[in-house]
Structures are given as structure tokens and as C-alpha cells.
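Taking it in order: structure first as C-alpha cells, then the write-up.
Every read-out reported here was derived from the displayed coordinates using simple, explicitly stated rules and does not represent laboratory data. The structure displayed is predicted, hence computed values, not measured ones. Because the Cβ atoms are built from the backbone with ideal geometry, glycine has one as well, and the counts that use them run over all protein chains shown.
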Amino acid sequence: FIVSKFCFLISFLNCLQTCPLLLRVFTKIGGHHNDEEFAVRGKVPKDEVQIYTWKDATLRELTDLVKEVAPAARRKNAKLSFAFVYPDKNGRFKVKEVGMAYSFGNGRLDDSKTLAELHFQIGDYLDVAIL
């Protein structure tokens with residue numbers, strides 16, 4: 001387990017008063033996992049990392065956490081594509097891309113977007129393609 005250590009001063013009290021959520025993160029080099037890899041309930045890809053974080057975590061913060069456990073994400077030219085994995089109205093899992101960040105942030109792309117702004121729902125998974 002990794003605990004998000006990115007509670008900035010402004011939201012520090014929020015982090016102390018709000019219970020963190022368990023975010024199940026799946027990483028893959030070269031592209032996202034596909035819907036079928038999540039099709040059987042209870043059977044998920046093996047490259048899972050579990051992170052305790054808050055819905056106000058940014059893609060930059062999540063990028064830095066992924067870099068701690070995925071060496072390929074530490075490359076200077078690495079780009080990380082984020083996708084939510086969630087059940088559709090029929091109960092089938094869908095993979096939907098929601099943002100992109102460079103391994104070494106430059107303030108561009110979607111670095112400052114939060115899980116909440118991207119409409120993350122507790123229980124969704126996060127799929128990270130390391131490109």
C-alpha cells in the first residue's frame with residue numbers, strides 16, 4: 001500500500017477530517033488494459049498497486065506515486081495516460097481515458113486536474129498506461 005503524502009497546506013485540514021479512499025491502480029507499459037481484462041469479477045490484471053488517497057489528488061500527485069513503484073514511469077520522456085475503469089449500466093467494465101501527464105511535470109497537459117474534477121467515483125479503478 002502507498003499512502004498519498006500530498007496534502008497541501010490549503011487542504012490539510014480537509015485531509016485530516018476526511019477519510020482517504022483506497023484507489024486500485026493498474027499500470028501497463030505501452031497502452032491501457034482493455035475492457036475484457038476486467039470482465040470477470042474478482043479477476044483483475046496482476047500489475048495492481050493500492051494507494052490511499054483523497055478525491056482532491058491531482059494527476060501530478062498520482063504520477064509521482066506511480067513513479068515510486070513503476071521504474072518505466074521514471075524515464076524523462078515517459079508520458080502517463082490515465083483512465084477510469086468503471087461498471088457501465090449493464091455491469092460490464094469500461095475503460096475511459098481521462099487525462100495525461102508527463103513523468104517530469106511541466107505544468108501542462110492535465111497535471112492539475114483532480115480525481116473529483118474528472119468525475120471519479122469511489123469504487124472505480126485507475127488504469128495508467130506508461131507511454
ask   = Once you list every other residue whose beta carbon is under 13 Å from the beta carbon of Tyr102, what net charge do they have if Lys and Arg are +1 and Asp and Glu are -1?
value = +4
note = The local net charge around Arg92, scoring Lys/Arg +1 and Asp/Glu -1 for residues other than Arg92 whose Cβ lies under 10 Å from its Cβ, equals -1
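Would you mind working out the magnitude of the charge dipole of the chain relative to its Cα centre, with +1 at each Lys and Arg C-beta and -1 at each Asp and Glu C-beta, to the nearest 20 Debye?
200 debye
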ask   = Within a Cβ distance under 15 Å of Leu115, other residues only, what is the Lys/Arg minus Asp/Glu net charge?
value = -4
task = May I ask you to compute the full-extension gain from His119 to Asn106, defined as 0.36 nm times their residue separation minus their alpha-carbon distance, rounded to one decimal in nm?
result = 2.3 nm
